[in-house]
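What follows is a set of notes on a single structure, which appears directly below.
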Amino acid sequence: MDFNVKKLASDAGVFFTRAVQFTPKKSWARQRRLSWMPTWRTCSLELTCTKNWTEKIYRQTEILLQPNPIDHTGARIEEFFYEKLDKKIPSRITNGELLGQYMQDAANDFGAATPYGSTLMKVGEYQRKLGETEREFMQTSAISFLTPLRNFLEGDWRTISRERRLLENRRLDLDVCKARLKKAKVAEAKASAEHELRVAQTEFDRQAEVTRLLLEGISSTHVNHLRCLHEFVEAQATYYAQCHRLMQELQRELASLSGDTFPNTFTVTPSISAGPSGVAQSAMPAAPHSKAMEADGLKIEEVQAPAAGTRKAKVLYDYDAADATELSLMADELITVYTVPGMDPDWLIGERGNQKGKVPVTYLELLS
């Protein structure tokens, strides 16, 4: 066995020198030696801040897109195995789709021709559509938002951290060479120490340049994350708009079904909207049933505003027209309203520019 005492002593000396160099009292001196790069500390702090917040946002977005990571499906375990096998994760049924399937199965048992069965079938159909929409949103967000964040944490951040540690070692090697040069007394020892110092300085400068370029690249990381954030918000807006549209369609479907089974007892609840204070108005009055207007025999295109008796009204809540005779409303807008002989007292004729239609009184605040 070849046992080199000198090498062992040298390695031990380097180890203890490293320990001394890493003590707190030396840290200020090490930072001062980086004064040649004024942006070093700023870039380092920005990098650490970017890493910490990216990690938090990534984890919370994962929770948002998959609120129950440990459930009966074993979703996370399945993802882990597929990731290790480098295979595409198969499309997984969402909770909405599963609920819709249960409702439709129940409708078949109760009888699809019965009032309860037909309603269950219709609601189940739309629940499955909502589940499909949710799955598309989750897939889009995972590709456009989660993947870039994970790539930064697992790629760029690790690379920069490795290069920073390497720069720290190069700086410590440079300190050792400077100390040896100071202690050298013999000319031959001084020449050797100076050569080692030049080599260590070159390696330090090269590593410092690499690290500087990586740190300054954080700004491009922010630009990339900003683009991904816009795409995430766009995906959310599309998802919620599709859900809103589907729920409005379902309400109209249920109104038509219930109108035949339970006449004059079912009303369609308008969508929740923000009031003037910006707070969602959840307790909105139900609009009068549109069938109550059929007895009026009014043709909207033939109705003319009276010479006197028109008033201004402020819309309190959003309202979606149920048919072509009604006028859709937006919260906080001002419209002109009036009534005509023989008209249902729960409704008024509303005008907005060239648009005209029936509007429910309970959605308005009459001004003058």
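Structure notes:
- A single entry from Gly131, Gly124 fulfils the requirement of being in contact with a Ser or Thr (Cβ under 6 Å, 6 or more places away or on another chain) and crowded, with 18+ Cβ neighbours inside 10 Å: Gly131.
- The residues in the stretch 106-142 that are of a type outside the set (A, V, I, L, M, F, W, C), more than 12 Å from Asn95 (Cα to Cα) and within 23 Å of the chain's Cα centre (by Cα) can be counted, and the count is 4.
- Contact annotation: residue pairs with Cβ atoms under 6 Å, 6 or more positions apart or on different chains, pairing a residue in the stretch 338-349 that is within 12 Å of Val303 (Cα to Cα) and open to solvent by less than 30 Å² (accessible area, probe 1.4 Å) with a partner that is of a type in the set (Val, Ile, Thr) and assigned to a strand (DSSP E or B), are Tyr338/Ile349; Leu348/Val337; Leu348/Val359.
- Looking across the stretch 326-358, the residues that are modelled with pLDDT of 90 or more, touching an Asp or Glu at 6+ places or on another chain (Cβ under 7 Å) and either charged (D, E, K, R) or under 11 Å from Ala313 (Cβ atoms) (or both) come down to Leu329, Ile335, Thr336, Lys358.
- Filter result for the condition that a residue is touching a Phe, Trp or Tyr at 6+ places or on another chain (Cβ under 7 Å), at pLDDT 85 or above and part of a helix (DSSP H, G or I), over Thr61, Thr119, Thr50: Thr61
- Hits in the stretch 160-184 (condition: open to solvent by less than 20 Å² (accessible area, probe 1.4 Å), farther than 27 Å from Gln60 by Cβ and part of a helix (DSSP H, G or I)): Leu167, Arg171, Leu172, Leu174, Cys177
- Residue within the stretch 205-216 that is loosely packed, with under 12 Cβ neighbours inside 10 Å and among the β-branched types (Val, Ile, Thr) present: no
- Of all residues in the stretch 302-325, none are at pLDDT below 85, under 26 Å from Cys243 (Cβ atoms) and outside any strand (DSSP E or B).
- Failed condition for Leu146, given (1) in contact with a Cys (Cβ under 8 Å, 6 or more places away or on another chain); (2) closer than 25 Å to Thr50 by Cβ: (1)
- Among the residues of the stretch 143-159, those identified as surrounded by fewer than 17 Cβ atoms within 10 Å (Cβ to Cβ) and touching a residue at least 12 places away in the same chain (Cβ under 8 Å) are Arg150, Leu153, Thr159.
The values are calculated or read from the model by the stated rules, or taken from the named source; none is laboratory data. Remember, it's a predicted structure, so these values are computed and weren't measured experimentally. As a convention, Cβ positions derive from the backbone with ideal geometry for all residues, glycine included, and neighbour counts pool all protein chains shown. To get the accessible areas, we keep the full protein, side chains included, count just its heavy atoms, and leave off ligands, DNA and RNA. Shrake-Rupley method; radii C 1.70, N 1.55, O 1.52, S 1.80 Å.
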